[in-house]
Amino acid sequence: MALSRRDFMKQAAAVSAAGAIGMKVAPEALAAAQEAEKGWKWDKGVCRFCGTGCGIMLATRNDKIVAVKGDPAAPVNRGLNCIKGYFNAKIMYGKDRLTQPLLRVNDAGEFDKQGKFKPVSWDKALDVMADKFKEAYNELGPTGIGVFGSGQYTIHEGYVMSKLVKGGLRSNNIDPNARHCMASAVVGFIQAFGIDEPSGNYDDIEYTDTAVMWGANMAEMHPILWARITDRKLAEPDRVKLINLTTYTNRCSNLSDTEIIFKPQTDLAIWNYILHEIVYNRPEMIDQEFVDKYTVFATGPCDVGYGMRSNPDHPKYTELERETMVKQVRKVLSEAEGKTLAHLGYKAGDTMENKRAAGAIKHWIIKFEDFKKGLEPYTLDFVAELAKGDPDESLESFKAKLQQLADLYLEKDRKIVSYWTMGMNQHTRGSWVNEAAYAVHLMLGKQAQPGNGAFSLTGQPSACGTAREVGTFAHRLPADLVVANAKHREFSEKMWKLPAKTLNGKPGSHYTKLLRDIEDGKIKWSWVQVCNPWQNTASANHWIKAAREMDNFIVVSDVYPTISAKVADLILPSAMIFEKWGAYGNAERRTQHWKQQVTPVGESMPDVWQAMEFAKRITLKEVWGETKVDAGLTLPDVMPEARAMGYTDDDTLFDVLFANKEARSYKWPDPIGKDTLNTLAEGDKRKVAGFEGYGFFVHKYLWEEYRKFGVGHMHDLADFDTYHKVRGMKWPVIDGKETAWRFNADYDPYVASKNPGEQFAFYGPALKAMPAGDLAGPIKGDKVKLPNKAKIFFRPYMDPPEMPDNEWPFWLCTGRVLEHWHTGSMTMRVPELYRAVPEAVCYMNGSDARKKGIDDGDAVWIESRRGKVKAHAELRGRNTMPPGTVMIPFFDERVLVNKVCLDATCPISKETDFKKCAVKVYKA
Amino acid sequence: MSGAKDMDRNETGRREFFSRLARGAAAAVAGGVVWGGLVREGQNAPLALRPPGALSESEFLAKCIRCGLCVEACPYDTLQLAGPGSGEPTGTPSLKPREVPCYLCTDIPCTVACPTGALDLALVSTDNGRTLDVNQTRIGLAVMDYHNCIAAWGLRCDACYRACPLIDKAITLEHTRNERTGRHAMLLPKVQTDVCTGCGLCERACIVEEAAIFVLPHEVALGKVGDNYVRGWDEVDQQRVNPDGGAADQVDQSGAGALDYLNDGVLGGEVDDD
């Protein structure tokens, strides 16, 4: 058999693909493939894209990734992938990969904010970066700098940055783009269960009878999970019911038994209708024993605003913008709110002064009677009228659907899982809606069991693993610890071998506030890693202007040129996922590690290296002296204790935080890394900036130190080596075993120790001593201790701050498409994906368009009080819009929809509502 | 999947046809027979995809005056005039969806622009040409090569389905269980022959190296069921049958007619002697 070289390669690819899907392969083809695969090395990895966390296998040859296959051994996907996963290798080799540091310079080659980008050496780049850092830090203190982090950081990267910024620089101004996607889910978990992340896992799909999508377009955003849901439906088509709750027809509707199109924001009213149905009409369906033993009732304040700037008269905002911004201070209540806030004595037309915006997170324990009273307005008639989202649907039809929805939840012996993603999280009452989901499941005793539970799907590949578990948020430390808690700081200082009181107890600025701070001149130095804030954040016009026109220095580490890189002052070329060791944690608590497969391209270097090289340029005495944070807080001089611990004034943060004695005890080479590249440990063939490795196993050290935070504290992770032998494990990992369902004694060993003899224990420790009160507020007295209890919240429906009116008649919703990842920086460079979906279009209802003389494919302007953007109208595509709503995905930097969006957030979680603002649409 | 196999077999034939065509064109160019040889008026180009409203290929070529007005009217530069060496009669309009598909403009400017009726408004309208309906367009038919479709491998793609302007009508999803994984379904795109406009947005979107879904002219893409059988479960299926047609194409096994056959020779072993 004379095969050409090209044929050889083709055969090899075909055989590996055949292996992945279990096809039989002819013996001669197999022999040919083995011949072609000489010099290939297959190793496991994890998909770079969404929170599903599919396992992949990567083939490398001659230091290049030559093929990818779904990992047949990966429990999540069993060898399958979606089309983004299919292109994992191709994202790495785009023509415009950033390969050199780029600095804005003048003719003399010196930094100049108005200069053009020119290549500079790593040394020069890092020196300028450190100098500019010191300028800002010395002038403004720890709040004068900020780091934009990511739910796509590897766990190691997030850990290094958290330790550097919080432990080294004594700043809490580090916050991930996960703020935009998961923060509301986090608040829901912490407030309801005292611990972050879902109780269940993806196997719930195979166990359940009912999947309800609440603002989760799984068909496109979690493609492999949707294939599992579809399979479940096919297995028992009559028994298994799928309900798609959404504000427009999306691809999940295709397979669903019922599609419920609701008006934006009214999902909370629908949850409350289900609770009303339980409490008022069918109380016998309450799992009374479960509720009595394992739950309490709670509520919180309503006059909390919408997470907008507290000063609507801000000089940098226009009159038009202020029309919405003023609602942060006060809002006239609508007819609906007159009913839903009646329990607080409000009526329609009253003005609510949002006095408790700063205390939005507070809550207190109430009695069941209060809970019931709060739910009184949510009758079927009221909610159907409020929530019907398609003007063309009859009220009767909509009512019947709501009734069916409630019936499914209430049906005894019917297992049910509620899924949500950004629909519920990106919401000015996002934390509340998350809590409402748990309220329904807890009332019915349908939580934390196989096939039963409310399950928050994560968007990003390591929003759980890194952003949340490592705690790269402005208020968090690893393993659910928080900076505001003195005991948590003390524990973390010990773990990190820092002098006592090094850590700053004041939470930093959240992602959107980092940008507001830049606009206000309060942050003059920032570092952007693995994210694209200038494209992904609402009110983008403000941030672009602030970056270019204010006195500040912005560093962007990235792999491709993005909008954020374009507005930056220094660009650092980063290594991509398989050019470094790493780990991600997916939505079902599964931690998955991979090894470095290839040498990074050009002079790009891993983010961990960038952080460490930066840390080499900062000495202890520059950051550990007495440091003023604000008028009320000055961090003490910790140098005396530092010296007592053996550190010297001129030790660098690198020496202390990353290359300390313990770190160096992790030797390289190490058997687990046999025949594997390790740029950080031993350098690589390029010797970028003369670098020849740190001489120790950096990633293993970081992992082993990090996991100490959680072991024995309900966040147990396995040791480094174990993860390189398995296809991921769901934490807590106890005695080498993963935990499938938390809080349930049948599966979770912690239940026996926390709540001996009981079936359930919602043992999360956070917020478990709360005041008691009634619907109006807490009553003075002792705090109630709530060991092992979950909280069932009552949260009322409230309008979003900006709703369509005559001038701005449409709702604008943003989101994603299957073909592209987030801001498109990777997938828009894959020719196949680009060709499949080359631009973001404006999905629009046909009759709305006809009224305005807009035809399919016409260019239209979409304009809000904040800005406008041009896109082509799409009247017949994958999303079918009801009258009055338009949708534009955010992946396309040429259709920068965040110029139009409003940066209102959930006042508790600070997660932006990208799903709702008011716009007009007209022909361009 | 027997369907895939069949398709594969047909596919090979078509691919060969494609490459023969290309070779022919190349030979023509190499031989210097550029214009005269290619501008053979009236010669059909069986693989050319004609603009919306085009008459059947031979009628279209008879009426098309190569004026280029349809090409000029197309806002997306979808339509191209055939040049020498293209394998199509020079000056006639066609489209290559993998490069630029037809976006199905609701005002169908190309058809409207045609001065001769080679592009016939009646074919893209309802009420006998009074109301334009671009969904009546039949440029060709999207055909799937399931062998090279990654959705048929079980991967979650269905990019063609989502690209289809008549999603859930012209391309639907067939859900089947993936027996290998035991927990995933396959979402298989399926072209609905009677709805597909042949716009080629699917072909354009297909993410494999050479599109696994592609538009072919109906004459090439479609088989044809004979008139001798009518679906008993479909009341309108008999409309398909031409009662005056009728096939005298039976195989004449006996050669010389029944009587001669019966009277000729004896049974057993002697056939070879003939």
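State the Cα centre-to-centre distance between region A:436-480 and region A:276-348 in whole Å.
22
For region A:810-923, what does the alpha-carbon gyration tensor say about shape, rounded, prolate or oblate, given a ≥ b ≥ c as the root eigenvalues, a/c under 1.5 as rounded, and a/b over b/c as prolate? It would help to have the intermediate numbers written out before the result.
Numbers: a/c = 1.76, a/b = 1.02, b/c = 1.73.
The shape class here is oblate.
Starting at the first residue of region A:54-62, write each ³J(HN,Hα) from the Karplus equation 6.51 cos²θ - 1.76 cosθ + 1.60 with θ = phi - 60°, in whole Hz, x for Gly and Pro.
In residue order, the calculated couplings are 5, x, 10, 10, 10, 9, 10, 8, 6 Hz.
Can you list residues whose amide H is under 5 Å from residue B:213's amide H, if they're 5+ apart or on another chain and H is modeled 1.01 Å from N?
Amide H to amide H, under 5 Å and 5 or more residues apart or across chains, residue B:213 pairs with B:145.
Hey, rough spin-label estimate for residue B:67 and residue A:281, points 7 angstrom out along Cα→Cβ, what's it come to in nanometres?
If labels sit at residue B:67 and residue A:281, their model points lie 6.6 nm apart.
Which distance in Å, rounded to a whole number, links the C-alpha centroids of region A:634-648 and region A:168-227?
A separation of 40 Å, based on Cα centres.
Please list, ordered by chain and number, the residues whose modelled amide H lies under 5 Å from the amide H of residue A:453; skip anything fewer than 5 residues away on the same chain.
A:416, A:417, A:418
Report the residues of region A:153-195 in range of a label on residue A:662: point 7 Å along Cα→C-beta, backbone N strictly under 18 Å from it.
A:156-169
Quick one: 3J(HN,Hα) in Hz for region A:897-906, Karplus 6.51/-1.76/1.60 with θ = phi - 60°, rounded, Gly and Pro as x.
Each residue of region A:897-906 in turn: 5, 6, 5, 8, 5, 9, 8, 6, 10, 5 Hz.
Which value, in Å³ per residue, describes the convex hull spanned by the Cα atoms of region A:426-483? Let's see the in-between values first.
Values: hull volume 7.1 nm³, N = 58.
Taking only Cα atoms, region A:426-483 has a hull volume of 122 Å³ per residue.
Only Cα pairs under 8 Å and at least 6 apart count here; give the relative contact order of chain A as a rounded whole percent. Intermediate values should be presented prior to the final figure.
On the way: 2109 pairs, mean separation 174.9, N = 924.
Computed over chain A, the figure is 19 percent.
What does the charge count around residue A:354 come to, taking other residues whose C-beta lies under 12 Å from its C-beta (Lys +1, Arg +1, Asp -1, Glu -1)?
Values: positive: A:327, A:330, A:331, A:355, A:356; negative: A:303, A:353.
So the surrounding residues net to +3.
Once label points are set 7 Å from the Cα along Cα→Cβ at both residue A:332 and residue A:106, what is their separation, rounded to one decimal in nm?
5.5
Excluding same-chain residues fewer than 8 positions from residue A:134, which aspartates and glutamates have a Cα within less than 14 Å of its Cα?
A:622
If one computes the Cα centroid of region A:664-695 and of region A:143-159, what distance in Å separates the two points?
Here the answer is 23 Å between Cα centres.
Would you mind classifying region B:57-153 by shape? Square roots of the alpha carbon gyration tensor eigenvalues, ordered a ≥ b ≥ c; an a/c under 1.5 is rounded, otherwise it is prolate if a/b is larger than b/c and oblate if not.
Details: a/c = 1.96, a/b = 1.28, b/c = 1.53.
Since a/c reaches 1.5 but b/c is at least a/b, the shape of region B:57-153 is classed as oblate.
Pairwise over distinct Cα atoms, reciprocal of the mean inverse distance: report the Kirkwood radius of region A:82-126 in Å, one decimal place.
Values: mean 1/r = 0.0789 Å⁻¹.
Roughly 12.7 Å, rounded to one decimal.
Take the cross-link list A:566/A:868; A:95/A:915; A:38/A:69; A:506/A:754; A:69/A:685; A:316/A:851 and give me the ones stretching past 29 Å between alpha-carbons. Display every interim value, and only then the final one.
Details: A:566/A:868 20 Å; A:95/A:915 34 Å; A:38/A:69 17 Å; A:506/A:754 31 Å; A:69/A:685 27 Å; A:316/A:851 36 Å.
Violating the 29 Å limit, Cα to Cα: A:95/A:915; A:506/A:754; A:316/A:851.
Roughly what % of DSSP beta bridges within the protein assembly as shown run antiparallel, to the nearest 5?
On the way: 77 of 124 bridges.
Given both bridge residues lie in the protein assembly as shown, the antiparallel proportion sits at roughly 60 percent.
So what is the orientation-averaged projected area of region A:361-492, using the convex hull of its C-alpha atoms, in nm²?
Values: hull surface 45.0 nm².
If you wrap the Cα atoms of region A:361-492 in a convex hull and average its projections, you get 11.3 nm².
Please give the net charge around residue A:752, taking every other residue with its beta carbon less than 12 angstrom from that of residue A:752, where Lys and Arg add +1 and Asp and Glu add -1.
Working: positive: A:754; negative: A:746, A:748, A:758.
Around residue A:752, the charge tally is -2.
Assign one of three labels to region A:520-643, namely rounded, prolate or oblate, based on the Cα gyration tensor with a ≥ b ≥ c the square roots of its eigenvalues; rounded applies when a/c is under 1.5, prolate when it is not and a/b is larger than b/c, and oblate otherwise. Present the calculation step by step, with values, prior to reporting the outcome.
Details: a/c = 1.80, a/b = 1.20, b/c = 1.50.
Oblate shape, in that a/c is at least 1.5 and b/c is the bigger or equal ratio.
Using square roots of five times the C-alpha gyration tensor eigenvalues, list the equivalent-ellipsoid semi-axes of the protein assembly as shown in whole Å, biggest first. Don't skip to the answer; put the middle values down first.
Values: eigenvalues 585, 271, 200 Å².
Gyration-tensor ellipsoid for the protein assembly as shown: 54, 37, 32 Å.
Which entries of A:501/A:708; A:501/A:730; A:166/A:708 show an alpha-carbon separation above 24 angstrom in the structure shown? If you can, show how the numbers build up before the last one.
On the way: A:501/A:708 20 Å; A:501/A:730 34 Å; A:166/A:708 18 Å.
Over 24 Å Cα-Cα: A:501/A:730.
Give me a single rounded figure for B:158-164: the average over its residues of other chain Cβ atoms within 10 Å of their Cβ.
Working: counts 8, 10, 1, 3, 11, 6, 3.
What the average comes to for B:158-164 is 6.
Please give me, ordered by residue number, the trypsin sites (Lys or Arg not before Pro) of region A:763-827 that lie in loop per DSSP and have at most 13 other Cβ atoms within 10 Å. Walk me through the numbers on the way to the answer.
On the way: sites: A:768, A:780, A:783, A:785, A:789, A:791, A:816; in loops: A:768, A:780, A:783, A:789, A:816.
Passing sites in region A:763-827 are A:780, A:783.
Limiting things to C-alpha atoms, what are the Rg and the maximum Cα-Cα separation (Dmax) for region A:862-917, in angstroms?
For region A:862-917, the Cα radius of gyration and maximum Cα-Cα distance read 12.5, 38 Å.
Over the Cα atoms of region B:140-221, what is the Rg over Rh ratio if Rh follows Kirkwood?
Values: Rg = 12.4 Å, Rh = 12.7 Å.
So for region B:140-221, dividing Rg by the Kirkwood Rh gives 0.98.
Give the aspartates and glutamates reachable from residue A:367 as a straight Cα distance under 14 Å; neighbours fewer than 8 places away on the same chain don't count.
A:292, A:774
Taking a point 7 angstrom from the Cα of residue A:257 along the C-beta vector, which residues in region A:394-424 have backbone N less than 20 Å away?
Correct set: A:397-420.
Dividing the alpha-carbon Rg of region A:225-334 by 2.2 N^0.38 Å yields what? It would help to have the intermediate numbers written out before the result.
On the way: Rg = 21.1 Å, N = 110, 2.2 N^0.38 = 13.1 Å.
Computed over Cα atoms of region A:225-334, the ratio equals 1.61.
Please report the net charge: other residues with Cβ closer than 11 Å to the Cβ of residue A:676, K and R +1, D and E -1.
Details: positive: A:41, A:595, A:674; negative: A:43, A:670, A:675, A:682.
Cβ neighbours under 11 Å give a net charge of -1.
For residue A:559, list long-range residues whose amide hydrogen, built 1.01 Å from N in the peptide plane, is under 5 Å from its own amide hydrogen.
A:574
Subtracting the Cα-Cα distance from 0.36 nm times the residue separation, let me have the gained length for residue A:782 to residue A:403 in nm, one decimal. Don't jump to the answer; show the numbers that get you there.
Working: separation 379, 0.36 × 379 = 136.44 nm, distance 4.14 nm.
132.3 nm is the gain from fully extending residue A:782 to residue A:403.
Helix-only estimate, please: 222 nm mean residue ellipticity of chain A, summing -39500 (n - 2.57) across DSSP H runs of length 4 or more and dividing by its residues, to the nearest 500.
Helix contribution divided over all residues of chain A: -7500 deg cm²/dmol.
What list of ³J(HN,Hα) values in whole Hz, one per residue of region B:178-194 in order, does the Karplus curve 6.51 cos²θ - 1.76 cosθ + 1.60 (θ = phi - 60°) give from phi, with Gly and Pro shown as x?
Using θ = phi - 60°, the values come out as 8, 5, 5, 7, x, 9, 10, 9, 9, 10, 9, x, 9, 7, 8, 4, 7 Hz.
If R₀ is 35 angstrom, what is the calculated FRET efficiency for the pair residue A:394 and residue B:122, using the beta carbon separation as r and rounding to 0.05? Don't jump to the answer; show the numbers that get you there.
Details: r = 38 Å, r/R0 = 1.09.
Computed FRET efficiency for residue A:394 and residue B:122: 0.35.
No value in this document is a laboratory result; all are computed from the given coordinates. As the structure is a prediction and not an experimental result, all values here were calculated from the model. Note that each Cβ is placed from the backbone with ideal geometry, even for glycine, and that neighbours are counted across all protein chains shown.
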